[in-house]
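One structure is given here, and the rest of the page talks about it.
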Amino acid sequence: MDRNEIENLIARVALRDRAAFEQLYDRVSAKLFGVCLRVLNKRAAAEDAMQDTFVKIWKNADRYNANGLSPMTWLITIAVSYTHLTLPTTPYV
């Protein structure tokens, strides 16, 4: 994953480019799923968290600021924030 490529994809997602969103998903979903799974420890919960994480990415891509920080850090922060918000109420066994 090239940092510039991910930043470019996020910028295009901010413009509601569905092809860029699909490419971004292809590039980063495995890593983000691993993060969600590590926090939630349940595959079904992690899959749900991934879906909601990508909805948040779609809705908030225009908030990403390429200010020298890694775009993966921004994406992982979204995933972790979501998983921590849902952790106490996750009904998965």
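Quick notes on this one:
- The peptide list 65-72, 8-15, put in order of mean Cβ contacts within 10 Å with the highest first, becomes 8-15, 65-72.
- Histogram of C-alpha separations across the chain, 5 Å bin width, %: 2, 15, 27, 23, 16, 10, 5, 1, 0
- Scaled against 2.2 N^0.38 Å for its residue count N, the alpha carbon radius of gyration of the range 1-42 is 1.30.
- Computed about the Cα centre, the dipole magnitude for the chain is approximately 160 debye when only Lys and Arg (+1) and Asp and Glu (-1) carry charge, each at its Cβ.
- In straight-distance terms, cross-link reach from K59 covers every one of the aspartates and glutamates whose alpha-carbon lies under 13 Å from its own, apart from those fewer than eight places away in the same chain; here that gives D17.
Throughout, read-outs are computed from the coordinates displayed, never taken from laboratory work. Nothing here was measured: the structure is a model prediction, and the numbers come from that model. Neighbour counts are summed over all protein chains in view; Cβ atoms, including those assigned to glycine, are modelled from backbone coordinates with ideal geometry.
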